[in-house]
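Before any comments, here is the structure.
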Amino acid sequence: MAKRINSLKHKDAYMKLLFVYNANSGKLNALFESGHKLISPSTYKCSLCALTHNTFTENNIWKNFRTQSEVYMEFYHKDEFETTFPNVNMIYPTILKLEDQQISTVLNSEALKALSTIEDLIERLKFQL
């Protein structure tokens, strides 16, 4: 997973969602995370990753939702988020809303753990927004 920005949306959008994965950036970390997800999915620590990505690729249902959404989205690994927003302390994974230079939580780590399918995540996002 690399930092991805929904390319269909304008960078200066009024409101945007920030998705922060409980994983660090880099190819070695991506390989480790994929292996962990494959070998021991029940102990995998990133419920957001597990929902939005299969073992090696982005979930197609999620990808379709993300690319067709009217909401601007940014995606971060936790190390990237902490570099970009050094004064914001979070428990990862999380989904945040950035609006008028204010960050608020849309779905916290516990709420993400409670979701069992990508469809559940999409419905929660639609409901919350």
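Where a number appears in this text, it was derived from the coordinates with a stated rule and is not lab data. Just so you know, these numbers come straight off a predicted model, no measurement behind them. Glycine also receives a Cβ, built like all others from the backbone with ideal geometry; neighbour counts cover every protein chain displayed.
Summary of computed values
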read-out: Three-way shape call for segment 85-125 based on the alpha-carbon gyration tensor, with the a/c threshold at 1.5; value: oblate
read-out: Spin-label model distance (nm) - Val88 vs Glu110, 7 Å beyond Cα toward Cβ; value: 2.1 nm
read-out: Additional length obtainable on full extension of the chain from Lys126 to Glu58, 0.36 nm per residue less Cα span; value: 22.5 nm
read-out: Karplus-derived HN-Hα couplings along segment 115-128 (A = 6.51, B = -1.76, C = 1.60, θ = phi - 60°), whole Hz, x at Gly and Pro; value: 7, 10, 9, 5, 5, 4, 4, 4, 5, 4, 5, 4, 5, 5
read-out: Amide hydrogen neighbours beyond the local backbone of Phe85, cut-off 5 Å, H modeled; value: none
read-out: Gln102-Asn24 pseudo-label distance in nm [points 7 Å out on the Cα-to-Cβ vector]; value: 3.5 nm
read-out: 5 angstrom amide H check on Glu58, placed H, neighbours 5+ away; value: none
